[in-house]
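The values are calculated or read from the model by the stated rules, or taken from the named source; none is laboratory data. Since the structure is predicted, the reported quantities are computational estimates derived from the model, not experimental observations. Counting neighbours? That spans all protein chains shown, and the Cβs are built from the backbone with ideal geometry, glycine included.
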Amino acid sequence: MSEPVALRAITDLNRPAVLNLRVAAGQEGFVDGVARSLRDAAEHPELAPWPRAVYAGEQPVGFVLLADGVANGNPDIPWPFYLWRMLIDGRFQGLGYGRAALDSVTAYVRSRPDARELVTSVVPGEGSPLGFYLRCGFVETGEMYDHERVLRLAL
């Protein structure tokens, strides 16, 4: 990774480039694409969506969608801070951008009042990002959420 990584708002100027981000072949079943993620964010404002493009220097390399401070008791996402989606374009995988993006998301969540944990979930199976999250300090909770394994990172 030669360029610094930053999370940036998605604007009319960068939206086309962000919409063109794609995971590597064979990973499509593990995370929804950017277009679907942005639709989900627009359709569910009650989940406090926080979509961001992952940039390496001036190059968009990925996308994250965080449920940012979901109200307690929400039946759709039962955790206040939930990493709803994260993808690094297949062209940029294996270069440290995923870890840097996750570190940036974690730093942001730590800055939020009352944040105690960051939760995510993964589709199980060969090629799943489970190993990545475990290497980044997440632990499995033993729970399932919408047919996905729930992971927790204490903050």
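List every residue pair whose Cβ atoms lie under 7 Å apart, where the two residues are 6 or more positions apart in sequence or sit on different chains, the first residue falls within the stretch 34-53 and is free of Cβ contacts under 8 Å to residues at least 24 places away in the same chain, and the second residue, located anywhere, is in a helix (DSSP H, G or I).
35/19
Only strands (runs of 3 or more DSSP E) wholly contained in the stretch 1-109 count here; list those with 1 or more residues that are surrounded by 15 or more Cβ atoms within 10 Å (Cβ to Cβ), within 14 Å of the chain's Cα centre (by Cα) and aromatic (Phe, Trp, Tyr).
Here the list reads 49-56, 59-68, 81-88.
Just for the stretch 125-141: of the residues that are touching a strand residue (DSSP E or B) at 6+ places or on another chain (Cβ under 6 Å) and assigned to a helix (DSSP H, G or I), which one is farthest from residue 27 (Cα to Cα)?
133
Which number in (1) exposed (fewer than 15 other Cβ atoms within 10 Å of the Cβ); (2) at negative phi marks the one condition that residue 114 misses?
(2)
Here's a check for you: in the stretch 72-106, which residue that is out of contact with any helix residue (DSSP H, G or I) (no Cβ under 9 Å at 6 or more places or on another chain) and charged (D, E, K, R) is nearest to residue 138 (Cα to Cα)?
Selected residue: 103.
Looking only at the stretch 110-124, which residues are over 21 Å from residue 54 (Cα atoms) and in a loop (DSSP other than H, G, I, E, B)?
Of everything in the stretch 110-124, those that are over 21 Å from residue 54 (Cα atoms) and in a loop (DSSP other than H, G, I, E, B) turn out to be 113, 114, 115, 116, 123, 124.
Go through the stretch 129-142 and report how many residues are modelled with pLDDT under 95 and more than 14 Å from the chain's Cα centre (by Cα).
Of the residues in that region, 1 qualify.
For the stretch 47-92, name all the residues that are touching an Asp or Glu at 6+ places or on another chain (Cβ under 7 Å) and among the charged types (D, E, K, R).
Selection gives 85 alone.
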